[in-house]
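Chemist: Below is the structure I would like to discuss, written out as structure tokens.
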Amino acid sequence: MVDKKSQDQIAFEALQYSVESLTSDLNLNNVLTNLGEQVNRLIGCDAWSISDYIESTNKLVTLAESGPADWVYQGDGVESFDLSENETTFSVIKDRKMVHYTVEDDWIAEEEKQFISEYGHSSLLMLPLIYRDEVLGIIEFANYGAPIHFTEFEVRIAQLLANQCAIAIAHARMIAQQQIQLDKMARLKEQADIANTAKSRFLANMSHEFRTPLNVIIGFAEYLNEVFKDHAVQDDEINESVKSIHTAGQHLMSIVEDILDVSVIEAGVVEVRPTEFDISQLLKELDQTMGILAEESGSKLVVNLPGEPILFKTDRQKLMQILINLVANGIKFTQNGIVRVLTEVDEQATPNQLRIKVEDTGIGIPEEKLSRLFKPFSQLNDEYSGMTKGTGLGLSLSQGYARAMQGKISVESVYGEGSTFTVELPFG
């Protein structure tokens, strides 16, 4: 007999070994084989098997086993047992409890006796593999020769290693499921990338195709305008028609250029041309450019200039376009209100950050709509304000430009009170 202290030591070593098996090998068959061999070494069984329970088909599928030739499956493919034909074995799954018998026990069901006759063993111990309250399979230990019962200690060791088998199977299932999801995501991403590339290529090609006839239309409109001036044509209807053609052509050209810029941004090939300039001068030009537009809409543009010159190095043209887009948006959604531009330098950030805020007292943006603001062709205005003017590209382009310059644009808004868009760019 083994004394209690030695049994505890054996149990501890078995647990330690099983943990090492789980962490040293990702192959499920290797892990289960190591655990099965550990059981064989500790309790001296003649045969063992570890099976996965497939609930959808009510079958056991053998994952790992060892024993005499009549115990080990010799056929092709995987070995499986239909539990509907073996009530005793199914009770291990159904009742979640151990089944332990010998050929001499009277209570054995007829189908189990046939199982014994087929495999020739005299004693069998079956335990459920349970992980997080789910039965994942069964572990079986068999002895041949004279019928014997496994001791309480042997059952305890078997249960300890059964728990580790359950963990191994659960982890294998989880990894398999994750791999399925990863493969699915990879396929979806590949399809999305293909679609996105095709879309960007289409937008770029379409934009290029539109530019030539648009340039012709705009050019002819400008030519007619000059001809009418030279010949002093006084027909107001003709003059207005030519101006309308020119204005519409310019507007359409602006849309085409925006679409082309979107395709460039999505392709990740935005070219940044940094130059050093005074932020105050840029803001003065912004005030001159957008002030008239604000007055025409019944609002007021207030550009607060910095108290002292701020020399900044970035792509001046792109920064100006960002600010024009943000101010135009603010004016568009502010009726008889104020659009204010503020500038500050954050010297606590590394590197120092330039922040330009565009605040408006307009209709604001519902919180649930904020996540869609910077997506191309996304317009939130028509959903809650009745306004549909624009292409939905301005904010997307602005964010793309900001990121190309190593910065970002963020937004804070209270529906019914107004919005604040903040451009953050690093110095240098």
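Chemist: Of 232, 198, 186, which residue is among the aliphatic types (A, V, I, L, M), modelled with pLDDT of 75 or more and either part of a helix (DSSP H, G or I) or exposed (fewer than 12 other Cβ atoms within 10 Å of the Cβ) (or both)?
Modeler: Just a single option satisfies the conditions, and that option is 186.
Chemist: Could you please tell me which pairs satisfy a Cβ distance under 8 Å, a separation of 6+ or placement on different chains, a first residue in the range 43-58 that is under 19 Å from residue 72 (Cβ atoms) and modelled with pLDDT of 90 or more, and a second residue that is part of a strand (DSSP E or B) and charged (D, E, K, R)?
Modeler: Short answer, once both residue conditions are applied: none.
Chemist: Scan the range 165-192 and report the pairs whose first residue is in contact (Cβ under 8 Å) with a residue 24 or more places away in the chain and whose second residue is among the aliphatic types (A, V, I, L, M) and surrounded by fewer than 15 Cβ atoms within 10 Å (Cβ to Cβ), with Cβ atoms within less than 9 Å and a gap of 6+ or a chain change.
Modeler: These pairs meet every condition: 171/26; 172/26; 175/26.
Chemist: Which one is surrounded by the fewest Cβ atoms within 10 Å (Cβ to Cβ), of the residues in the range 135-147 that are of a type in the set (A, V, I, L, M, F, W, C) and within 11 Å of residue 121 (Cα to Cα)?
Modeler: Per the stated criteria, the residue is 146.
Chemist: What pairs come up if the first residue lies in the range 81-99 and is in contact (Cβ under 8 Å) with a residue 40 or more places away in the chain and among the β-branched types (Val, Ile, Thr), the second is surrounded by 15 or more Cβ atoms within 10 Å (Cβ to Cβ) and assigned to a helix (DSSP H, G or I), and their beta carbons are under 9 Å apart, counting only those six or more places apart or on different chains?
Modeler: Final answer for the pair search is 89/83; 89/112; 89/115; 93/83.
Chemist: Is it fair to say residue 269 is exposed (fewer than 12 other Cβ atoms within 10 Å of the Cβ), of a type in the set (A, V, I, L, M, F, W, C), within 20 Å of residue 396 (Cα to Cα) and at pLDDT below 75?
Modeler: So residue 269 fits the description; yes.
Chemist: Could I ask something else about it? Output yes when any residue across the range 104-127 is modelled with pLDDT of 80 or more, within 21 Å of residue 29 (Cβ to Cβ) and in a strand (DSSP E or B), and no when none is.
Modeler: For the range 104-127, residues modelled with pLDDT of 80 or more, within 21 Å of residue 29 (Cβ to Cβ) and in a strand (DSSP E or B): present.
Chemist: Restricting to the range 276-308, what's the tally of residues that are touching a strand residue (DSSP E or B) at 6+ places or on another chain (Cβ under 7 Å) and either within 23 Å of residue 335 (Cβ to Cβ) or outside any helix (DSSP H, G or I) (or both)?
Modeler: Residues in the range 276-308 being touching a strand residue (DSSP E or B) at 6+ places or on another chain (Cβ under 7 Å) and either within 23 Å of residue 335 (Cβ to Cβ) or outside any helix (DSSP H, G or I) (or both): 15 in total.
Chemist: For the range 135-151, name all the residues that are at pLDDT 85 or above and in contact with a helix residue (DSSP H, G or I) (Cβ under 8 Å, 6 or more places away or on another chain).
Modeler: 135, 136, 137, 138, 139, 141, 142
Chemist: Among the candidates 301, 380, which residue alone is among the hydrophobic types (A, V, I, L, M, F, W, C), at pLDDT below 85, farther than 22 Å from residue 427 by Cβ and surrounded by 14 or more Cβ atoms within 10 Å (Cβ to Cβ)?
Modeler: 380
Chemist: Got at least one residue in the range 66-78 being under 41 Å from the mean Cα position of the chain (by Cα), modelled with pLDDT of 80 or more and not hydrophobic (A, V, I, L, M, F, W, C)?
Modeler: Within the range 66-78, none of the residues are under 41 Å from the mean Cα position of the chain (by Cα), modelled with pLDDT of 80 or more and not hydrophobic (A, V, I, L, M, F, W, C).
Chemist: Identify the residue in the range 270-325 that is in contact (Cβ under 8 Å) with a residue 40 or more places away in the chain and small (Gly, Ala, Ser) and, among all such residues, is nearest to residue 362 (Cα to Cα).
Modeler: 299
Chemist: Also: Would it be correct to say that residue 35 is in the same structural domain as residue 150 (by TED's automatic domain parsing), touching a residue at least 40 places away in the same chain (Cβ under 8 Å) and either surrounded by 15 or more Cβ atoms within 10 Å (Cβ to Cβ) or not in a strand (DSSP E or B) (or both)? Full working, then the answer.
Modeler: Details: in the same structural domain as residue 150 (by TED's automatic domain parsing): yes; touching a residue at least 40 places away in the same chain (Cβ under 8 Å): yes; either surrounded by 15 or more Cβ atoms within 10 Å (Cβ to Cβ) or not in a strand (DSSP E or B) (or both): yes.
Yes, satisfied.
Chemist: Cβ-Cβ distance below 8 Å, separation of 6 or more or different chains: which pairs start in the range 390-408 with a residue that is under 11 Å from residue 319 (Cα atoms) and aromatic (Phe, Trp, Tyr) and end on one that is at pLDDT 85 or above and outside any loop (DSSP other than H, G, I, E, B)?
Modeler: 401/318; 401/319; 401/321; 401/322
Chemist: Another question about this same structure. Exactly one condition in (1) farther than 17 Å from residue 129 by Cβ; (2) loosely packed, with under 14 Cβ neighbours inside 10 Å; (3) at pLDDT below 80; (4) out of contact with any Asp or Glu (no Cβ under 9 Å at 6 or more places or on another chain) is false for residue 19; which is it?
Modeler: All conditions pass for residue 19, except number (1).
Chemist: Any idea which residue in the range 39-65 is farthest from the chain's Cα centre (by Cα), counting only those that are part of a helix (DSSP H, G or I) and buried (at least 22 other Cβ atoms within 10 Å of the Cβ)?
Modeler: Filtering the range 39-65 for residues that are part of a helix (DSSP H, G or I) and buried (at least 22 other Cβ atoms within 10 Å of the Cβ), the one farthest from the chain's Cα centre (by Cα) comes out as 43.
Chemist: I'd like the full set of residues that are closer than 15 Å to residue 168 by Cα and among the small types (Gly, Ala, Ser), limited to the range 46-66.
Modeler: If the condition is that a residue be closer than 15 Å to residue 168 by Cα and among the small types (Gly, Ala, Ser), then 49, 51, 64 are the ones that fit.
The values are calculated or read from the model by the stated rules, or taken from the named source; none is laboratory data. These figures come from a predicted structure and were not determined experimentally. Counting neighbours? That spans all protein chains shown, and the Cβs are built from the backbone with ideal geometry, glycine included.
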